[in-house]
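As structure tokens, the structure follows; a few thoughts come after it.
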Amino acid sequence: MSMSFFFLSVALIEIPISIGYGIWTGVGASGSVLLGMFLFKEPKSAKKLVLVAGIIFSIVSLKLIT
């Protein structure tokens, strides 16, 4: 967790906090869902995958418009 905060602070030197924090939280949320499904055998569903894809699409879109 400390490394995550460190890398966020490094990234915020180059990008605005609104974009950096949005990306940071989106990657954390989608990453934890995917790890749960594939590493810890949590139930998989098409709805979860579609919503995670939406988060990833939003992160990429945020980065592209800045």
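No lab work stands behind these numbers, since they all come straight from the coordinates. Not measured: the values here are computed from a predicted model. With ideal geometry, Cβ positions are generated from the backbone for all residues, glycine too; neighbour counts draw on all protein chains shown.
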Nearest 10, in degrees from 0 to 90: the angle of helix 17-38 to the longest Cα principal axis of the chain is 20 degrees
As straight-line cross-link partners of Lys63, the qualifying lysines (C-alpha separation under 24 Å, not fewer than 8 residues apart within one chain) are Lys48
Between the modelled labels at Ser61 and Leu12 (7 Å from Cα along Cα→Cβ) the distance in nm is 2.5 nm
In degrees, nearest 10, the alpha-carbon axis of helix 46-65 is tilted away from the dominant principal axis of the alpha carbons of the chain by 10 degrees
Under the helix-only model (-39500 (n - 2.57) for each DSSP H run of 4 or more, divided by the residues of the chain), the mean residue ellipticity at 222 nm, to 500 deg cm²/dmol, is -26500 deg cm²/dmol
For Cα extents along the principal axes in Å, with candidates (i) 38, 29, 11; (ii) 96, 14, 13; (iii) 41, 29, 19, the value calculated from the shown model is option (i)
Residue-ordered couplings for the stretch 9-16, obtained by feeding phi - 60° into the Karplus form 6.51 cos²θ - 1.76 cosθ + 1.60 and rounding to whole Hz (Gly and Pro as x), are 5, 5, 5, 5, 5, 9, 10, x
